[in-house]
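Chemist: Let me begin by handing over the structure; questions about it come next.
The values are calculated or read from the model by the stated rules, or taken from the named source; none is laboratory data. As the structure is a computational prediction, the values presented were derived from the model and not from experiment. All Cβ positions, glycine included, derive from the backbone under ideal geometry; neighbour counts span all protein chains shown.
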Amino acid sequence: MTAPVTNKVTVLVVDDSPTMRGLITAALRRDPEIEVLGSACDPLEAREAIKRLNPDVITLDVEMPNMNGLEFLEKIMRLRPMPVVMVSTLTQAGAEVTLAALELGAVDAVGKPGAGVTAQEAFADLAAKVKVAARSRVRAAAPAAPVQRPTEYRAARDHILGIGASTGGVEALLTILSAFPADCPPTVVTQHMPATFTRSFAARLDRASAAHVEEATDGAPLERGRIYIAPGGEAHLEVTGGPSPRCRLVRGETVSGHRPSVDVLFRSLARRRGPMTGVILTGMGRDGAQGLLEMRQAGGSTLGQDEASCVVYGMPRAAFDLGAVERQLPLSRLSTAILDLCAAPPAAAA
């Protein structure tokens, strides 16, 4: 049996539970632009199905017999890189494993149905994520490069850094923030991510960076050497004005299709009109483009990730086309460029 010729996004569903395979398949088949070619109950069966069917995307469970999903993902990204969307339990342990999968090269993740959550609710955006994954740039996993941090660095007084990211942002943020020194500028980050994931993500970034990384809380003062991650799915993160800026969590409707929204974060920085830098990273859609333009118009410096290094060149493209981005740079050069823009003048640093 060979894969049929089709213009649809073709998918292989990999999960050890027959019930879950059925639910995922049903959710995907509701989208007329997707064709589910088949399913597999474990990585050994999946390996043969990938060779036979050559799907555009696979959905992959984490906990399976014979070989867990992380081990299988590592082999896929090393031997045959292809778009993968992880399907994980929305628990603390599930979040940590899913983040590890995103670091290994999975494009995105969705949570399985849990207590009080129906399959229709849990998989509401699965089809959209699969279609984004099919258009993403997937590369073979590269060996981790040694982290290069500046040995002597002092952030400028009152300078605030805002960063926005979506699909592919886990890898991008790890790359950038792991190179930050202990005295980095106060940094606020909005990454599109499920609610249960951001605390684990902040902890992972904290281990990788010399700065302190935490999930943002309402009223937390913005301080040098600290990085604040917007809580996923719960509220928008803003920065209050005044001489003593703080985090503010604002509950409300989605903005630009998201909560938290990058546009909301960037607009709050633009209103503050102090020294600031805005950076927009890989992601699907337009969230952050208008807010970054407002930051630039308010006198801030702005950077965007370039097309070649993005997993999905959507948000940075939208911002660039709008005139919001002063410079586009590859991911490997962004941390140095950001720190240069946020550094204290030599006399002030002495």
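Residue by residue, here is whether (1) surrounded by fewer than 20 Cβ atoms within 10 Å (Cβ to Cβ); (2) part of a strand (DSSP E or B) holds:
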position	(1), (2)
G252	yes, no
D263	no, no
S268	no, no
T277	no, yes
L292	no, no
D321	yes, no
A324	no, no
L334	no, no
A337	yes, no
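Chemist: Report, by residue number, each residue of segment 278-311 that is more than 16 Å from the chain's Cα centre (by Cα), of a type in the set (A, V, I, L, M) and under 14 Å from I338 (Cα atoms).
Modeler: L303
Chemist: Still on this structure, I have one more. Taking the criterion of being within 25 Å of V117 (Cα to Cα) and of a type in the set (D, E), would at least one residue in segment 251-271 satisfy it?
Modeler: Applying the first criterion (within 25 Å of V117 (Cα to Cα)) to segment 251-271 yields 251-261.
Next cut, of a type in the set (D, E) only: 253.
Within segment 251-271, one or more residues are within 25 Å of V117 (Cα to Cα) and of a type in the set (D, E).
Chemist: Within segment 39-47, identify whether any single residue is touching a strand residue (DSSP E or B) at 6+ places or on another chain (Cβ under 9 Å) and of a type in the set (S, T, Y), and answer yes or no.
Modeler: Checking segment 39-47: at least one residue is touching a strand residue (DSSP E or B) at 6+ places or on another chain (Cβ under 9 Å) and of a type in the set (S, T, Y).
Chemist: I'd like the residue in segment 91-111 that is assigned to a loop (DSSP other than H, G, I, E, B) and among the small types (G, A, S) and, out of all such residues, is farthest from L177 (Cα to Cα).
Modeler: Per the stated criteria, the residue is A106.
Chemist: Can you work out which of the residues in segment 279-290 that are in a loop (DSSP other than H, G, I, E, B) and either on the phi < 0 side of the Ramachandran plot or not small (G, A, S) (or both) is modelled with the lowest pLDDT?
Modeler: At the first step, the residues of segment 279-290 found to be in a loop (DSSP other than H, G, I, E, B) are 281-282, 284-288.
Remaining after also requiring either on the phi < 0 side of the Ramachandran plot or not small (G, A, S) (or both): 281-282, 284, 286-287.
On the way: L281: 98, T282: 97, M284: 93, R286: 96, D287: 97.
Across segment 279-290, the extreme among qualifying residues is M284.
Chemist: Return yes or no: is H258 touching an Asp or Glu at 6+ places or on another chain (Cβ under 6 Å), touching a residue at least 24 places away in the same chain (Cβ under 8 Å) and within 23 Å of V213 (Cβ to Cβ)?
Modeler: yes
Matching residues to (1) modelled with pLDDT under 90; (2) touching an Asp or Glu at 6+ places or on another chain (Cβ under 8 Å); (3) assigned by TED's automatic domain parsing to the domain that holds L177:
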residue	(1), (2), (3)
L90	yes, no, no
A95	yes, no, no
V107	no, no, no
P113	yes, yes, no
E121	yes, no, no
A127	no, yes, no
